[in-house]
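What follows is one structure encoded as structure tokens, with my remarks underneath.
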2 protein chains.
Amino acid sequence: MTYCVAIKVNSGVVFCSDSRTSAGVDHVSSYSKMHSFNLPGDRQISLLSSGNLATTQAVLAKIEKDIKSSAKVNLHNVTSLRDAASYVGELSSNEQSKHSSDEANYESTFIIGGQVANNPHKILLIYPQGNYISTSDDTPFLQIGESKYGKPILDRVLTPETTLSTATSAALVSMDSTMKSNLTVGPPIEINIYKAGSLATPLYKKFEEGSEYLRELKNSWDQRILEAFNKLPPIEWANQWDQSPDEQNSIS
Amino acid sequence: MTYCVAIKVNSGVVFCSDSRTSAGVDHVSSYSKMHSFNLPGDRQISLLSSGNLATTQAVLAKIEKDIKSSAKVNLHNVTSLRDAASYVGELSSNEQSKHSSDEANYESTFIIGGQVANNPHKILLIYPQGNYISTSDDTPFLQIGESKYGKPILDRVLTPETTLSTATSAALVSMDSTMKSNLTVGPPIEINIYKAGSLATPLYKKFEEGSEYLRELKNSWDQRILEAFNKLPPIEWANQWDQSPDEQNSIS
């Protein structure tokens with residue numbers, strides 16, 4: 001399984017991805033799901049991938065080949081991120097259609113984002129069918145893969161005004177929640193922070209398994225959540241039993 | 001869709017359920033998914049249901065009929081919660097097998113719990129196939145229905161030592177997270193708190209749509225989460241861009 005999230009706030013875009021790939025529990029590997037196609041000063045395009053690994057790798061190989069051969073349409077000459085999404089969507093659905101006769105699942109889903117020239121920065125989710133959607137002010141993020149565990153925290157925290165560092169924390173906590181609840185999502189965790197308007201190479205960090213920072217973040221968040229719990233409005237009607245003196249004698 | 005959660009801590013059991021039922025988005029109704037079969041002083045049994053509403057209602061009708069007719073096995077004479085789970089599982093799989101010839105999904109899943117006589121208090125999840133599982137110290141809760149959104153908070157907060165009132169807060173925050181992320185889960189929210197060893201009728205509360213308490217809980221939690229975020233270890237490498245003076249001029 002996979003979990004990737006991209007967040008678009010006014011000041012830029014944050015991408016975050018795990019690296020666990022599995023074809024059954026006894027075939028677990030680690031592959032990066034974050035790829036960049038940058039031309040500093042002109043464009044910063046990042047791509048996150050989930051789904052069938054063969055499809056994903058075929059699409060990436062074709063993207064790189066098209067850039068190298070200066071194909072008529074490639075990620076270094078498209079004039080907008082929507083054009084980039086159309087192009088990747090077409091590569092992906094073409095690749096899947098090679099296998100349409102059998103019943104296995106060859107689908108891949110992508111998130112593409114960044115900024116091309118002076119167009120606004122943007123993120124887009126590309127469905128296996130090749131069509132795609134963008135974000136809204138109410139939902140300034142996109143997720144692919146195992147997305148449900150990590151969604152509530154994003155729903156609560158993110159607005160277009162969120163700073164890039166808070167958006168980064170939100171992405172990492174969302175990733176941590178997903179890893180805690182689902183073993184098929186795991187490190188290394190990659191993060192990529194692009195500042196809107198800069199057209200400069202994004203800030204990139206990779207956290208390996210056992211990363212000191214990830215552990216500190218996790219412990220800190222666990223503790224904050226417990227503190228937050230203790231500050232919730234008291235449930236007086238439920239409290240009564242906690243306070244009864246014979247509680248310690250209850251059957252356990 | 002449905003979301004129900006039951007939590008078993010040393011001092012008792014908390015049950016929590018939503019009430020939204022849908023067969024497509026234009027056929028949304030409200031049905032209670034929480035049912036009790038109590039004999040004060042002898043047993044306290046609560047049942048949560050998810051899945052096909054016709055199957056659920058048929059199972060409930062049969063449970064009530066068996067109690068009324070003092071059938072050989074019924075929820076008022078079983079001698080343990082495991083026997084109760086076997087009985088409900090059999091009713092459920094029998095009901096589903098009536099429709100096994102067509103392709104629609106008639107499956108239902110249940111959580112049963114409480115306490116029978118002097119046996120330890122317990123909760124069990126009954127699969128559509130009629131088999132069932134209990135909790136462990138590491139995972140002192142069971143969920144049915146749309147369970148992923150509300151799982152991370154339970155994973156972080158609950159241990160067997162958690163008090164009944166904290167477990168109740170956890171159940172309500174888990175429910176709130178699910179409702180925020182999935183429109184097919186909704187109020188009224190019912191909650192039922194059983195104190196271990198008491199064999200007394202559980203504390204029951206029902207929160208209607210627009211409940212003052214639910215709103216207060218939600219607002220408080222939203223605020224606590226933001227506070228918790230602000231106290232996370234600073235991401236210095238991500239901070240640099242937030243602090244740059246020209247941030248407000250970025251493309252948005």
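The values are calculated or read from the model by the stated rules, or taken from the named source; none is laboratory data. Note that this is a predicted model, so its numbers are computed, not measured. Cβ coordinates were reconstructed from backbone atoms using ideal geometry, including for glycine residues, and neighbour counts include every protein chain displayed. Note: accessible area is taken over every heavy atom of the protein model, side chains too, but ligands, DNA and RNA are not part of it. Shrake-Rupley method; radii C 1.70, N 1.55, O 1.52, S 1.80 Å.
Observations on the structure shown:
- For segment A:101-180, GluC sites (Glu not before Pro) are listed when DSSP marks them as loop and at most 12 other Cβ atoms sit within 10 Å of their Cβ; the list is A:103, A:161.
- For residue A:209, solvent-accessible area (1.4 Å; no DNA, RNA or ligand), Å²: 130 Å²
- The label-point distance for residue A:65 and residue B:42, in a model that sets each label 7 Å from Cα toward Cβ, rounds to 7.6 nm.
- In this structure residue A:221 has an accessible area near 10 Å², from a 1.4 Å probe over the protein heavy atoms.
- Innermost chain B residue relative to the axis carrying B onto A, by Cβ distance in angstrom: B:148, 2
- Cross-link pairs beyond the 25 Å C-alpha cut-off, checked among A:8/A:148; A:65/A:98; A:151/B:122: A:151/B:122
- Between residue B:211 and residue B:27, the C-beta separation translates, for a Förster distance of 35 Å, into a calculated FRET efficiency of about 0.90.
- Helix axis angle, B:53-68 relative to chain B longest principal axis, alpha carbon, degrees: 40 degrees
- Local electrostatic count, residue A:115, Cβ distance below 11 Å [Lys/Arg +1, Asp/Glu -1]: +3
- Axis of helix A:164-181 versus longest Cα principal axis of chain A: the two differ by about 70°, to the nearest ten degrees.
- Long-range amide H partners of residue B:43 with built H, under 5 Å: B:117
- Considering only A:40, A:232, A:188, the residue lying farthest towards the positive end of the dipole of chain A is A:40, judged by Cα position with unit charges set on Cβ.
- Helix A:81-97 axis, angle to chain A major axis (alpha carbon atoms, nearest 10°): 90 degrees
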